[in-house]
Structures are given as structure tokens and as C-alpha cells.
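The values are calculated or read from the model by the stated rules, or taken from the named source; none is laboratory data. This structure is a prediction, so every number in the text was calculated from the model and none was measured. A quick note on method: Cβ atoms are made from the backbone with ideal geometry, for glycine too, and the neighbour counts reach across all protein chains shown. Just so you know, the surface numbers come from the protein's heavy atoms only, side chains and all, with ligands and any DNA or RNA stripped out. Shrake-Rupley method; radii C 1.70, N 1.55, O 1.52, S 1.80 Å.
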Amino acid sequence: MIRTLAFLSLILLVLASASGYLYLTRKIAAGERYIAEGQNLISRESPSLEAGKDELAAGKQQLSEGKKEYERAHDNPLLVFADTLFNGGKGFAEGREKIAEGEQQVARGENKVAVGEQRLDKGNAALSSGMEKLQQGKLARDVCAIGAVTFTLLAIVLGYFWRRTLAKSLRRSKAG
């Protein structure tokens, strides 16, 4: 009776290990697809972020040059007098407005780049975490496979040596 229960328990362990292996194999395949999609998304978005950084740097350079030009013009008393006399001071007022608008555009660009960098960092962190979990899943799947093979071999060996005892137990259960 004890041998029969041990043998049945061993069969249950074989089934549990094989089920775990199959379940983890499906989960790992889904995880690998998900990671591949994440890597594709990151590789597509990284150039966009770099282009945004380049555009921001060009905008900052243009703003800096515009400010310098404005300061040089504003430091020239003859240009200030001519603008005031012929244009009512509108030229310098428009220059200040354009500089303020450029500073706002640069600030918005810096915010967009910062948001993009944060998203990329989060994506890389999630990808790294997912790859780590995938490795752990593969290890667990390998353990299930080894367990299934080991328990199967043990069941075969014990079944061979206990065949007479198991046969008697089965005859008794059918007769009873």
C-alpha cells in the first residue's frame, strides 16, 4: 500500500513538472515576443529623441545669436534713435518679443526632450527587468524539465523493481 501511494505520488510529480515546463514555455515565448517589441520600439524612438536634441541645440544656438545681435543693435545709440524716430521704437519691441518667443520655444523643446529621455529610460529599465524575469523563467523551466525527467526515470526504475507489489495492490483494489 505504501509503495502504491509512493508510486502514485511520483506520477503526480511527473505530471506537475511536465505541466510546469509546458506552462513556462508558453509564458517565455510570450515574454520573448514582448521584449522584441520593446526593443523595436526603443530602437525606433531613439533616433527621434536624438533628432529632437539636435533641433533643440540648433534652436538654442539661433536664440543665442539673436540675443547677441539684439544687444549689439541696442548698444548702438544711432540705431536706437533711428528706430525711435522712424519706427516709433517698434523694431526693438518686436526684437524683444521674438527673443521672448524663442526662449519659450526653447523651454518647450527642453521639456519635450526631458520627457522623451524619461520615457526612454523607463523603457530601458522595463526592458532590463523583463529580460531578467525571462532568464529566471528559463531557469525555472529548466528545473521543471529536469524534475520531469528525473521523476519519470525514478518511476520507471521503481515500477520495475516494485512491479510484483504494485500488481498485487492493483489486484486487491479490483477484487475489493
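Using a 1.4 Å probe and ignoring any ligands, DNA or RNA, find the accessible area of T25 and quote it in Å² to the nearest 10.
Here the residue's solvent-accessible area equals roughly 50 Å².
How much accessible area per residue does the chain have, in Å², with a 1.4 Å probe?
75 Å²
Could you work out the relative contact order of region 1-113, using alpha carbon pairs under 8 angstrom and six or more residues apart, expressed as a whole percent?
27 percent
Considering the Cα trace of region 66-112, what is its radius of gyration and what is Dmax, both in angstroms?
When restricted to Cα atoms, region 66-112 yields Rg and Dmax of 13.0, 42 Å.
To the nearest 10 square angstrom, what accessible area does V106 show with a 1.4 Å probe?
Rounded to the nearest 10, the figure is 20 Å².
Tally up the carbon and sulfur contribution to the accessible surface of region 61-176 as a whole percent, 1.4 Å probe, everything protein left in place.
Ligands and nucleic acids excluded, carbon and sulfur give 58 percent.
Hey, what D do you get for the chain in µm²/s if you plug the Kirkwood alpha-carbon radius into Stokes-Einstein at 10 °C and 1.306 mPa s?
68 µm²/s
Pull out the extension gain between R119 and Q135, defined as 0.36 nm times the separation in residues minus the alpha carbon to alpha carbon distance; nm, one decimal.
Going from the current span to full extension adds 3.3 nm.
Efficiency by 1/(1 + (r/R0)^6): what FRET value for Y70 and L41, r their Cβ-Cβ distance, R0 = 41 Å, to the nearest 0.05?
It comes to 0.45.
At 0.36 nm per residue, minus the direct Cα-Cα distance, what do T84 and E97 gain on full extension? Give it in nm, one decimal, please.
Taking 0.36 nm per residue and subtracting the Cα distance, the gain is 3.0 nm.
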